[in-house]
Amino acid sequence: MNTTPFTSGLSENAVTITRVADRQWHALDDDLVVGRGHAHHRPDGRLFVSIDAWHGSLFDRLAEAMLAQLPAPLYTVVDEADVELMAGWRRAGFTIRRREWEYVVPTDPRVTGLEAVMPPAGVTIVPAGQADEGLLRAVDRAIRDEVEATVGWQSMPAEVIPRPEGDTIVDPSKYAVAAAPDRYLGLIRVVTVKRPRIGLLAVRSDERRRGIARALLAHALGTMHRSGFAAAWAEVQESNQAASALFEGIGAQPMSSNLELVR
């Protein structure tokens, strides 16, 4: 354990910053935990950090201890409306890397205008839970390779679902796909915990501009609507104008924004 004492003014006793486990730190006032720091690798391999502290001085000391022991580059995600947290990370040397908008997406086809949308000729939509796992993994890998070869997968919204090393399909039952007779052309992943979230919507590069993404979205939103959900959520990177236009064109509204920071 690495321990750094300092006086915080929280009590008459010294507060210590202690590394309590691999990539985990606590700020302790006697036996009371008054702040926590954590670092973890996202599925794309990047190291993200988070700090939860009662006071700005604790945030700074936790950040100081963590940054001294973690390799660069480091990343974090902040709600843009959280001015205090943003200021703390700026003091620690982090800068804005990108912005993601969180959209609330209506599911009612009478609102979205997707009621009559059908996939293009020769393409069928295979509902979630019915996709062939081998073909699903093949289209997922092909799309990821295309993205990595162009803008880079790190430019996509951060995926936080844990998965075994190298496995990009966590739960095949969450994916609906657009299928041609010999292969899959695109996919959409929807995960529902408290509310449905569109985690991924993507189409092979040579099949774009045919209406496949719109058809996948119409299918997924229609399924949610029939299940009783009035809205879904999705994150879109600010620079992805095509995705923003797709969602805004069906009545989705940006509700908040997250900033990805890097040091």
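The values are calculated or read from the model by the stated rules, or taken from the named source; none is laboratory data. In this text the structure is predicted, and so the values were computed from the model without any measurement. Cβ: placed from backbone, ideal geometry, glycine included. Neighbour counts: every protein chain shown. Side chains are part of the model used for accessible areas, which takes the heavy atoms of the whole protein and leaves out ligands, DNA and RNA. Shrake-Rupley method; radii C 1.70, N 1.55, O 1.52, S 1.80 Å.
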| Does segment 191-232 hold any residues that are open to solvent by less than 50 Å² (accessible area, probe 1.4 Å) and assigned to a strand (DSSP E or B), and which are they? | V191, P196, I198, G199, L200, L201, A202, V203, A231, A232
| note | In segment 233-245, anything polar (S, T, N, Q) and surrounded by 20 or more Cβ atoms within 10 Å (Cβ to Cβ) is listed as none
| query | List the pairs whose first member sits in segment 19-35 and is under 15 Å from S50 (Cα atoms), whose second member is assigned to a loop (DSSP other than H, G, I, E, B) and aromatic (F, W, Y), and whose Cβ atoms are under 7 Å apart, counting only residues at least 6 apart or on separate chains? | reply | V34/W54; G35/W54
| note | Per the list (1) open to solvent by 40 Å² or more (accessible area, probe 1.4 Å); (2) part of a strand (DSSP E or B); (3) more than 22 Å from Q237 (Cα to Cα), residue check on P71 breaks on (2)
| query | So which of A14, A63, A27 ends up being in contact with a strand residue (DSSP E or B) (Cβ under 9 Å, 6 or more places away or on another chain), at pLDDT 95 or above and not charged (D, E, K, R)? | reply | A63
| Could you count how many residues in segment 103-134 are surrounded by fewer than 18 Cβ atoms within 10 Å (Cβ to Cβ) and not in a loop (DSSP other than H, G, I, E, B)? | 7
| request: Considering only residues that are open to solvent by less than 40 Å² (accessible area, probe 1.4 Å) and hydrophobic (A, V, I, L, M, F, W, C), look in segment 29-44 and name the one that is nearest to the chain's Cα centre (by Cα). | output: A39
